[in-house]
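Working notes, beginning with the structure itself.
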Amino acid sequence: MKALDLVKIFFRSFFIQAAWNYERMQNIGFLYGIMPALKKIYPDKNQRFEVVKSHLEFFNTHPYMIGILMGMTVSLEEKTVKDEKASTSRNMIQVSKTNMAGPLAAIGDAFFWAVWRPFCALLVVFPVVIFFKGINNFVIWWLFFGFLIFYNSLNIYLRYYGVFMGYRLRERIIKNISRWNIQRIISTVRIAGFITVCIAAILYFIIDLSSMREKALAVLVFCAGTYLYRKGVSSTKLFYGLLFTVILVCLARI
Amino acid sequence: MFLIAFISMFLALDNAIGNFMISRPFISGIITGYFMGDIKTGLLIGTFIEIVWIDVFPIGTYVAPELMVSAILSVYWSLAPGGSVQFHTVALAIGLAVPLSIFFRIADVWNRQFNSKLLAIMEKRVDKGKENAVSIYVYISLLIFAAKAFLFFIVFLPLGNVILDWAESIIPLFVKQGLDASLKFIPVLGFAVAFNFFRKKKYEST
């Protein structure tokens, strides 16, 4: 496989979620991504048929982790063809692929969805909410592109290097991943997010709330919100609850 | 309106292609605001939605509001009447957009169930030796995904305007005052949600 073929896989990896379906989830996205590579490894169509069919089975992982799995699968397929004595059978490839998909999905969900994305969003929300009056269009576009570049640097990095690393290391990549110390990274980002929220809330309290009554009400909203949120009330319900309560307060004043 | 529906369709495709997070509410809020001529209001609404629903993430079968939809609809509805934006319109617009964003997610579930049916058809074609059915299936899925979003926005963008116009004319003054006042506390509620969201250990074993 030439580097160019791997770059092709990288570009096709962006379509992993395109044909997401409830029955087998990302199977088509995966097959679509490695199809050009498969055509190169198995030039004979009849020989390729079984392989194509096997990659139509159920498959699901985190979208940003897909590069690693695509690179690894292509590498394993290539090994099977090149070295006939190799122990990598059809079945083995399938097992390696699905066995890796689970843990990678868990890492991706725990890191990207649960902390990295909210944290990046928070970094933008924080200045906007507090200094809203002073913000001009220049700052807005700065925040806009800043977020997209900052957030996606990891997304694109992982997809691109994932393909190459997965191709080179195959199953051994799991050792590399375990060295990332993902638990520690998650905790660090989460705590950084927590500190940011605290600073933001205090600044908002000092800068944006003017009268004593507003400040008292804000504390009340914060405490009630915290209490209800811990009881498992969803954000949507809290939002409507807030609107409803404030309207009632206004009614009482009249 | 067609322009906004078209842009929304493009933003909605983010969930199908690449997950670049251009479908985050403050990003789509800024974009909608830009095309409606008021970036700042777009940003404000997007930011409110971003922080109050910061805990929503796409895991499992739980049907959460599609935040991008809330942002685009409420920015459009707030800015469509023209003139200076009134706070209670913003609060009312968000309030009306949230149920629709949940509906959008439900439509998304239907879409993905339908994809399973398409999958069965595609598999038969592959069995007959037509491999390019895989690529065709990807393009058809994307087309349906985009068409669904476009159709949704082309219906609800104008419909919401009508509903909000009507609501403006019938709701009493104290409700307007209440909604005006609530805007200052939406970020506080957001802080409460974010505070607890980041405080809690979710996936950490230690």
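Do we have B:LYS117 as surrounded by fewer than 17 Cβ atoms within 10 Å (Cβ to Cβ), more than 11 Å from every other protein chain (Cβ to nearest Cβ), without any contact (Cβ under 8 Å) to a residue 12 or more places away in the chain and more than 22 Å from the chain's Cα centre (by Cα) here?
In short, no.
Go over the candidates B:LEU159, B:LEU183 one by one and state the one that is free of Cβ contacts under 8 Å to residues at least 24 places away in the same chain, surrounded by fewer than 20 Cβ atoms within 10 Å (Cβ to Cβ) and among the hydrophobic types (A, V, I, L, M, F, W, C). Before you say what the answer is, go through the steps one by one.
Working: B:LEU183 fails: free of Cβ contacts under 8 Å to residues at least 24 places away in the same chain.
Exactly one residue qualifies, and that residue is B:LEU159.
Only one of (1) buried (at least 20 other Cβ atoms within 10 Å of the Cβ); (2) within 11 Å of another protein chain (Cβ to nearest Cβ) fails for A:ASN136. Which number is that?
(1)
Conditions (1) under 22 Å from B:ARG199 (Cα atoms); (2) not assigned by TED's automatic domain parsing to the domain that holds A:ILE130, marked per residue:
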{"site": "A:ILE199", "(1), (2)": "yes, no"}
{"site": "A:TYR204", "(1), (2)": "yes, no"}
{"site": "A:LYS215", "(1), (2)": "no, yes"}
{"site": "A:VAL221", "(1), (2)": "yes, yes"}
{"site": "A:ARG230", "(1), (2)": "yes, yes"}
{"site": "A:LEU243", "(1), (2)": "no, yes"}
{"site": "A:ILE247", "(1), (2)": "no, yes"}
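Considering only region A:61-87, state which residues are of a type in the set (S, T, N, Q) and modelled with pLDDT of 90 or more. So that I can check it myself, show each step before the final result.
Filtering region A:61-87 for residues of a type in the set (S, T, N, Q) gives A:61, A:73, A:75, A:80, A:87.
Those that are of a type in the set (S, T, N, Q) and modelled with pLDDT of 90 or more: A:THR61, A:THR73, A:SER75.
Evaluate the following for A:SER187: is it within 9 Å of chain B (Cβ to nearest Cβ) and of a type in the set (Ser, Thr, Tyr)?
The answer is yes for A:SER187.
If the requirement is being small (Gly, Ala, Ser), farther than 17 Å from A:ARG24 by Cα and within 23 Å of the chain's Cα centre (by Cα), which of these qualifies: B:ALA181, B:ALA167?
Answer to the selection: B:ALA167.
Is it fair to say A:PHE119 is within 11 Å of chain B (Cβ to nearest Cβ), assigned to a helix (DSSP H, G or I) and free of Cβ contacts under 8 Å to residues at least 60 places away in the same chain?
Taking the combined requirement at face value, the residue does not satisfy it.
For region A:171-187, how many residues meet the condition of being out of contact with any Ser or Thr (no Cβ under 8 Å at 6 or more places or on another chain) and surrounded by 13 or more Cβ atoms within 10 Å (Cβ to Cβ)?
Residues flagged as out of contact with any Ser or Thr (no Cβ under 8 Å at 6 or more places or on another chain) and surrounded by 13 or more Cβ atoms within 10 Å (Cβ to Cβ) within region A:171-187 amount to 6.
Spot the failing condition for A:MET72; the list is (1) away from chain B (no Cβ under 14 Å); (2) on the phi > 0 side of the Ramachandran plot, and only one is missed.
Result: A:MET72 fails condition (2) only.
Within region A:199-208, how many residues turn out to be surrounded by fewer than 15 Cβ atoms within 10 Å (Cβ to Cβ) and under 16 Å from A:THR226 (Cα atoms)?
Taking region A:199-208 as the starting set, the residues that turn out to be surrounded by fewer than 15 Cβ atoms within 10 Å (Cβ to Cβ) are A:199, A:202, A:206-207.
Of the ones still in play, those that are also under 16 Å from A:THR226 (Cα atoms) are A:202.
Final tally of qualifying residues: 1.
Pick from B:VAL85, B:VAL63, B:VAL90, B:VAL69: which is under 20 Å from the mean Cα position of the chain (by Cα), at pLDDT below 90 and not aromatic (Phe, Trp, Tyr)?
Answer to the check: B:VAL63.
Out of (1) closer than 20 Å to B:GLY82 by Cβ; (2) facing another protein chain (nearest Cβ under 9 Å), what's the single condition that is false for B:PRO158?
If we test B:PRO158 against (1) closer than 20 Å to B:GLY82 by Cβ; (2) facing another protein chain (nearest Cβ under 9 Å), just (2) comes out false.
Scanning region B:20-45 for residues that are closer than 16 Å to B:ALA149 by Cα and out of contact with any Gly (no Cβ under 7 Å at 6 or more places or on another chain), which turns out surrounded by the most Cβ atoms within 10 Å (Cβ to Cβ)?
First, the residues of region B:20-45 that are closer than 16 Å to B:ALA149 by Cα: B:22-25, B:28, B:32.
From what is left, the residues that are out of contact with any Gly (no Cβ under 7 Å at 6 or more places or on another chain) are B:22-24.
Details: B:ILE22: 21, B:SER23: 21, B:ARG24: 25.
Filtering region B:20-45 for residues that are closer than 16 Å to B:ALA149 by Cα and out of contact with any Gly (no Cβ under 7 Å at 6 or more places or on another chain), the one surrounded by the most Cβ atoms within 10 Å (Cβ to Cβ) comes out as B:ARG24.
Within region B:68-77, identify whether any single residue is over 22 Å from B:VAL155 (Cβ atoms) and either in a helix (DSSP H, G or I) or among the acidic types (Asp, Glu) (or both), and answer yes or no.
No, region B:68-77 contains no residue that is over 22 Å from B:VAL155 (Cβ atoms) and either in a helix (DSSP H, G or I) or among the acidic types (Asp, Glu) (or both).
Restricting attention to helices (runs of 4 or more DSSP H) lying wholly within region B:87-206, give those where 1 or more residues are touching a strand residue (DSSP E or B) at 6+ places or on another chain (Cβ under 7 Å).
Numbers: elements: B:87-127, B:133-170, B:173-182, B:186-199.
Passing ranges, in order: B:87-127.
Assuming A:MET1 fulfils every condition listed in (1) within 20 Å of B:ALA16 (Cα to Cα); (2) not in a helix (DSSP H, G or I) apart from one, which condition is it?
The one condition A:MET1 does not meet is (1).
Please enumerate the residues belonging to region A:28-66 that are in a loop (DSSP other than H, G, I, E, B) and touching a strand residue (DSSP E or B) at 6+ places or on another chain (Cβ under 7 Å).
Correct list: A:PHE58, A:ASN60.
Would you check if there is a residue in region B:99-110 being touching a helix residue (DSSP H, G or I) at 6+ places or on another chain (Cβ under 6 Å), more than 11 Å from chain A (Cβ to nearest Cβ), surrounded by 14 or more Cβ atoms within 10 Å (Cβ to Cβ) and among the basic types (Lys, Arg)?
No.
Return the residues of region B:35-46 that are more than 9 Å from chain A (Cβ to nearest Cβ) and either over 14 Å from the mean Cα position of the chain (by Cα) or free of Cβ contacts under 8 Å to residues at least 12 places away in the same chain (or both); say none if nothing qualifies.
Those that are more than 9 Å from chain A (Cβ to nearest Cβ) and either over 14 Å from the mean Cα position of the chain (by Cα) or free of Cβ contacts under 8 Å to residues at least 12 places away in the same chain (or both): B:PHE35, B:MET36, B:GLY37, B:ASP38, B:THR41.
Name every residue in region B:1-50 that is in a helix (DSSP H, G or I), under 28 Å from A:TYR157 (Cβ atoms) and among the polar types (S, T, N, Q), in order of residue number.
Residues satisfying the conditions are B:ASN15, B:SER28, B:THR47.
The values are calculated or read from the model by the stated rules, or taken from the named source; none is laboratory data. Because the structure is a prediction, the values reported are computed rather than measured. No Cβ is skipped: glycine too gets one built from the backbone with ideal geometry, and neighbour counts run over all protein chains shown.
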